Amino acid sequence: MKANSRPRNGFRNRILKRLPAAVIGRLRKGMRLVELTQWDPLYEPHETCKYVYFPESGMASILSVLKDGTMTEVSTVGSEGMVGLPVFFGAKTSARRAFWQVPGSAYRIDAAVLRRETRKCGALSDALLRYTQAVFTQVSQLATCNRLHSIEQRCCCWLLQTHDRVAGDEFDLTHEFLSEMLGTRRAGVTEVAATLQRAGLIRYTRGRVTILNRRGLEKVACECYATVRGEFDSLVGR
């Protein structure tokens with residue numbers, strides 16, 4: 001079932017809410033809560049990453065971008081994590097593109113402040129190392145999923161992951177956007193969406209999806225959704 005986590009210590013983000021007060025106090029020197037809308041850019045390939053983002057609500061996408069402009073989603077980030085792992089590992093830029101996908105809010109922290117805190121090798125570093133391991137699982141599982149599982153199964157996984165990170169059962173989604181995220185043809189996504197709607201699992205009207213039967217989606221989805229969610233719950237916390 002969809003998990004609803006209550007804020008603790010003022011944060012919904014799973015990483016921030018488990019940090020000691022002293023660490024939060026140091027991070028606040030470069031921290032700001034920002035509201036983000038769909039398509040807001042977070043960082044571009046090979047440009048300096050000035051900030052990292054700890055989502056409170058909504059969702060961000062990390063994309064691989066080819067020379068011809070083709071984009072494929074390589075990971076998603078919600079309140080379980082952070083956007084900007086290259087900064088944590090000492091890089092100033094990223095080869096990927098990151099943008100905000102589902103409207104929400106995030107704590108934006110200056111990259112310099114995060115680097116200064118993680119050099120202490122304390123609670124924040126430990127939390128981000130566990131989160132990184134979960135992200136590795138997500139990315140490797142995605143590679144397996146794209147190779148072996150059907151568009152219908154992959155689509156259900158994506159819908160479930162998004163549902164986990166939004167308030168309520170509705171969110172904006174176009175067939176064109178989902179086809180880019182899944183790296184498949186738009187016609188295939190349209191056919192899958194129609195099948196799920198006929199089965200009573202979702203309702204899709206005018207670019208907006210409503211989840212009607214979450215348990216039904218979980219049954220159709222491949223094992224990848226449960227594997228990735230279990231890893232995040234284990235390493236980052238529920």
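So that you can scan it fast, the table gives a plain yes or no per residue for (1) closer than 21 Å to ASN13 by Cα; (2) touching a Lys or Arg at 6+ places or on another chain (Cβ under 8 Å); (3) not in a loop (DSSP other than H, G, I, E, B):
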{"residue": "TRP100", "(1), (2), (3)": "yes, no, yes"}
{"residue": "THR137", "(1), (2), (3)": "yes, no, yes"}
{"residue": "GLN141", "(1), (2), (3)": "no, no, yes"}
{"residue": "CYS145", "(1), (2), (3)": "no, yes, yes"}
{"residue": "TRP158", "(1), (2), (3)": "yes, no, yes"}
{"residue": "SER179", "(1), (2), (3)": "no, yes, yes"}
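The residue list ALA123, ALA143, ALA134 contains one member that is open to solvent by less than 10 Å² (accessible area, probe 1.4 Å) and within 30 Å of GLY90 (Cβ to Cβ), which is ALA134.
Candidates are the residues of segment 92-109 that are in contact with a Leu (Cβ under 9 Å, 6 or more places away or on another chain) and open to solvent by 20 Å² or more (accessible area, probe 1.4 Å); the one that is nearest to ARG208 (Cα to Cα) is PRO103. Just to be sure I understand, how many residues within segment 76-98 are without any contact (Cβ under 8 Å) to a residue 60 or more places away in the chain, not charged (D, E, K, R) and not in a helix (DSSP H, G or I)? Residues flagged as without any contact (Cβ under 8 Å) to a residue 60 or more places away in the chain, not charged (D, E, K, R) and not in a helix (DSSP H, G or I) within segment 76-98 amount to 10. Give the residue, chosen from ALA106, ALA112, ALA95, that is farther than 17 Å from ASP164 by Cα and at pLDDT 95 or above. The unique qualifying residue is ALA112. Checked against the criterion of being at negative phi and either among the small types (Gly, Ala, Ser) or in contact with a Lys or Arg (Cβ under 8 Å, 6 or more places away or on another chain) (or both), the candidates GLU117, GLU152 yield just one match: GLU117. For the structure I just gave you, tell me whether LEU19 is more than 20 Å from the chain's Cα centre (by Cα), hydrophobic (A, V, I, L, M, F, W, C) and either open to solvent by less than 90 Å² (accessible area, probe 1.4 Å) or modelled with pLDDT of 95 or more (or both). So LEU19 fits the description; yes. Residues in segment 62-86 that are hydrophobic (A, V, I, L, M, F, W, C) and either closer than 16 Å to LEU159 by Cα or open to solvent by 10 Å² or more (accessible area, probe 1.4 Å) (or both): ILE62, VAL65, LEU66, MET71, VAL74, VAL77, LEU85. Residue check: ASP169 meets all listed conditions (1) over 30 Å from ARG115 (Cα atoms); (2) without any contact (Cβ under 8 Å) to a residue 24 or more places away in the chain; (3) charged (D, E, K, R) but one, namely (2).
Residue count for segment 146-170 under the criterion of being farther than 15 Å from GLU80 by Cβ, open to solvent by less than 60 Å² (accessible area, probe 1.4 Å) and not small (Gly, Ala, Ser): the result is 9.
Restricting segment 193-215 to residues that are open to solvent by less than 20 Å² (accessible area, probe 1.4 Å) and under 22 Å from the mean Cα position of the chain (by Cα), which is farthest from ARG14 (Cα to Cα)?
Looking at the filtered set, the residue picked out is ALA193.
Somewhere in segment 26-35, is a residue more than 26 Å from THR184 (Cβ to Cβ), modelled with pLDDT of 90 or more, buried (at least 16 other Cβ atoms within 10 Å of the Cβ) and under 14 Å from the mean Cα position of the chain (by Cα)? Checked against the condition, which is being more than 26 Å from THR184 (Cβ to Cβ), modelled with pLDDT of 90 or more, buried (at least 16 other Cβ atoms within 10 Å of the Cβ) and under 14 Å from the mean Cα position of the chain (by Cα), segment 26-35 yields no hits at all.
The values are calculated or read from the model by the stated rules, or taken from the named source; none is laboratory data. Fair warning: this is a prediction, and the values are worked out from it, not measured in the lab. When we count neighbours, we look across all protein chains shown, and the Cβ atoms used for this are built from the backbone with ideal geometry, even at glycine. With ligands, DNA and RNA removed, areas are computed over all heavy atoms of the protein, side chains included. Shrake-Rupley method; radii C 1.70, N 1.55, O 1.52, S 1.80 Å.
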